[in-house]
Amino acid sequence: MATRKPTKPRWWPGPLKETQEQRRARALKIFQGLKKQYPDAHVPLNYSTPLQLMVATILSAQCTDKRVNEVTKPLFKKYRKAADWAAVDQETLEEEIRTAGFFRNKARAIRTTTAELVENYGGRVPDTLEELTALRGIGRKTANVILAHAYDKQGIIVDTHFIRISRRLALTNEIDPVKIEFATMRFLPERYWSDFSLLITWHGRFICPARKPTCGECPARTLCPAADSTGEVTWRVKTPPKPQRRRPA
Ligand code: SF4
């Protein structure tokens, strides 16, 4: 699936003067605060096998989890193995997943990826980042979702919430998802990668959405340079009005 070029976001509160060790300690405190805040954080997509998680994750791009679960409910009964998905024709699958949006690209991604699974892995979804990202239709984000939630391995899942919040928290100033992933690896011990990603996603949904974060309820408030005492965030500045052109008299 085509990846979008990252655009420069507005919400970079500025660099913090802290060492890597201090950032590491701050990130761990943030992690602990979020863990307390969201003890029941879980993947909202319904799945029971790595293959189902892979399909659901492909479908989830630019689509709500609720809609993905509605779409996958009958399909997971109909297509049980990778070979079943690979054998369905493009038009049929497009119709079946139409309501998930971007249905042509998604149908193509599902069919080509499952065909590769059949051809190279006996229909099994591989469990390493290298093998997963070598599949057509699987990017690093989807690969890390599969590793973290289907195989219980560690992976940093950089979605839009992760990009926004790690920048608000000044954990990174990168905008490219892969650079953010590698930057996070440097300050966060590996054993926390998957849980941290999940918690950040929940935080983005419930307390720190793109618009109007409720900083007053945030467990990371004292560790976040983007928070201010009013609950607004410091980077929200009004664009000055354009100067009016005067007509010559
Ligand atoms: S303090 Fe506000 S901006 Fe910072 S992480 Fe919390 S909710 Fe988001």
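The values are calculated or read from the model by the stated rules, or taken from the named source; none is laboratory data. Please read all numbers here as calculations on a predicted model, not as lab measurements. Glycine gets a Cβ as well: all are built from the backbone with ideal geometry, and neighbour counts include every protein chain shown.
Observations on the structure shown:
- Within the range 183-204, the set of residues being surrounded by 14 or more Cβ atoms within 10 Å (Cβ to Cβ) and charged (D, E, K, R) comprises Asp195 only.
- Search result, residues across the range 161-180 that are away from the ligand (no atom under 14 Å from the Cβ), farther than 15 Å from Arg23 by Cα and part of a helix (DSSP H, G or I): Pro177, Val178, Lys179
- Matching option when the condition is in contact with a strand residue (DSSP E or B) (Cβ under 8 Å, 6 or more places away or on another chain) and either hydrophobic (A, V, I, L, M, F, W, C) or touching a residue at least 24 places away in the same chain (Cβ under 8 Å) (or both), among Cys208, Cys224, Cys215: Cys215
- Within the option set Asp159, Asp176, being free of Cβ contacts under 8 Å to residues at least 60 places away in the same chain and surrounded by fewer than 19 Cβ atoms within 10 Å (Cβ to Cβ) holds for one residue only, Asp159.
- Close Cβ contacts (under 6 Å, 6 or more residues apart or on different chains) running from residues in the range 112-134 that are under 17 Å from Ile58 (Cα atoms) and among the aromatic types (Phe, Trp, Tyr) to residues that are modelled with pLDDT of 95 or more and exposed (fewer than 14 other Cβ atoms within 10 Å of the Cβ) are absent.
Rundown of residues vs (1) small (Gly, Ala, Ser); (2) closer than 18 Å to Ile146 by Cβ; (3) part of a helix (DSSP H, G or I), yes/no style:
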position: Asp40; (1), (2), (3): no, no, no
position: Met54; (1), (2), (3): no, yes, yes
position: Ile58; (1), (2), (3): no, yes, yes
position: Ala61; (1), (2), (3): yes, yes, no
position: Glu96; (1), (2), (3): no, no, yes
position: Thr112; (1), (2), (3): no, yes, yes
position: Leu117; (1), (2), (3): no, yes, yes
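- Single match in Ala115, Ala109 (criterion: more than 19 Å from the chain's Cα centre (by Cα) and either under 14 Å from Ala82 (Cα atoms) or within 16 Å of the ligand (Cβ to nearest atom) (or both)): Ala115
- Of Arg136, Arg140, Arg124, all but one fail to be of a type in the set (Lys, Arg), surrounded by 15 or more Cβ atoms within 10 Å (Cβ to Cβ) and within 27 Å of Ser197 (Cβ to Cβ); the exception is Arg140.
- Odd one out for Ile138 among (1) of a type in the set (Val, Ile, Thr); (2) closer than 30 Å to Pro213 by Cα; (3) outside any helix (DSSP H, G or I): (2)
- For the range 115-134, filtering for residues that are closer than 19 Å to Lys153 by Cα and hydrophobic (A, V, I, L, M, F, W, C) leaves 4.
- Search result, residues across the range 59-97 that are among the small types (Gly, Ala, Ser) and crowded, with 17+ Cβ neighbours inside 10 Å: Ser60, Ala61, Ala82, Ala86
- Failed item in (1) modelled with pLDDT of 95 or more; (2) surrounded by 18 or more Cβ atoms within 10 Å (Cβ to Cβ), with Gln32 passing the rest: (2)
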